Amino acid sequence: MAYNGFGTLDRREFLAKAGSAGAALALTLGMTDPVPAQGQSASTISLPPLPYAQDALAPAISGNTMSFHYGKHHQAYVNNTVKMVTGTELEKATLEEIIKKTAGRADQASLFNNAAQVFNHTFYWHSMKPGGGGEPNGKIAQKISESFGSYQKFVEAFSGAAASQFGSGWAWLVQDGGRLQVVKTSNAETPITTSAKPLITIDVWEHAYYLDYMNRRADYIKAFIEKLLNWDFAEKNLL
Ligand code: FE
């Protein structure tokens, strides 16, 4: 199977695998021309499965937050992206191609925002895991101490960026020119349009934490760093 960056099947592969079963069902139902699940779009963009159960991050992030954040917000970004590329030259483009081709174009801002949010959210789910957080080991730990001086200095930089992002946005641990850095982005902006390679991200839009933490963004950031941060994912993303 082709790897789409997150260890999941993309929609085209899913439909290919589901194809024979779908055809059999269509025959059973007396249908000769089954309609594709997402209308007539040839887009391969779809909502990837979560890498864990919806309530697996509780109590740091509740199943209720996840059901809205993944099931409503992330799904809406996917639906909007598919709708906007259908019938255009980007209909068959990958998510990264759509993001890179629309970045910085005022006439494509809506498509960029939705497509980048699809990417950012998928990256965020993988940036967390049940039982994650705390100090890393191995290669990523070495990179953290080379780049920041110590794990504690990294925590200060990452939580500082996440807490000080004004309004909606993201904080990221990225690799750029061999060194690790912390950056923050507004709204849907994403480091994949720059030379930096993302390793980890935290969503600091209010929808990410308000149901569980109300206005206490700092407590959500602390829980992310201490209980959820997926260092295995960060290490896999190292160049
Ligand atoms: Fe979000």
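The values are calculated or read from the model by the stated rules, or taken from the named source; none is laboratory data. Small disclaimer: the values here were computed from a predicted structure and weren't measured. All Cβ positions, glycine included, derive from the backbone under ideal geometry; neighbour counts span all protein chains shown. SASA here: full protein model, heavy atoms, side chains in, ligands and nucleic acids out. Shrake-Rupley method; radii C 1.70, N 1.55, O 1.52, S 1.80 Å.
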Worksheet, complete the sentence: Taking the range 210-239 and keeping only residues that are farther than 17 Å from residue 131 by Cβ, in a loop (DSSP other than H, G, I, E, B) and either touching a residue at least 24 places away in the same chain (Cβ under 8 Å) or open to solvent by less than 70 Å² (accessible area, probe 1.4 Å) (or both), one is left with 238, 239
Worksheet, complete the sentence: Residues of the range 190-218 being within 13 Å of the ligand (Cβ to nearest atom) and within 12 Å of the chain's Cα centre (by Cα), in sequence order, are 190, 201, 202, 203
Worksheet item: If you check every pair at least six apart or on different chains, which have Cβ atoms under 6 Å apart with a residue in the range 121-139 that is assigned to a loop (DSSP other than H, G, I, E, B) first and a residue that is among the charged types (D, E, K, R) second?
Response: 133/226; 133/227
Item to complete: May I ask you to verify whether residue 221 is in contact with a helix residue (DSSP H, G or I) (Cβ under 9 Å, 6 or more places away or on another chain) and within 16 Å of the ligand (Cβ to nearest atom)?
Response: yes
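Where in the range 1-95 are there helices (runs of 4 or more DSSP H), lying fully within it, with 3 or more residues that are at pLDDT 95 or above? Spell out how you get there, then give the answer.
Numbers: elements: 11-28, 63-68, 75-85.
Correct list: 63-68, 75-85.
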Worksheet item: Do we have any residue at all in the range 145-158 that's at pLDDT 95 or above and within 16 Å of the ligand (Cβ to nearest atom)?
Response: no
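Would you say residue 124 is touching a Leu at 6+ places or on another chain (Cβ under 9 Å) and within 14 Å of the ligand (Cβ to nearest atom)?
No.
Only one of 135, 206 is within 30 Å of residue 84 (Cα to Cα) and of a type in the set (D, E, K, R). Can you tell me which?
On the way: 135 fails: within 30 Å of residue 84 (Cα to Cα).
After ruling out the rest, the residue left standing is 206.
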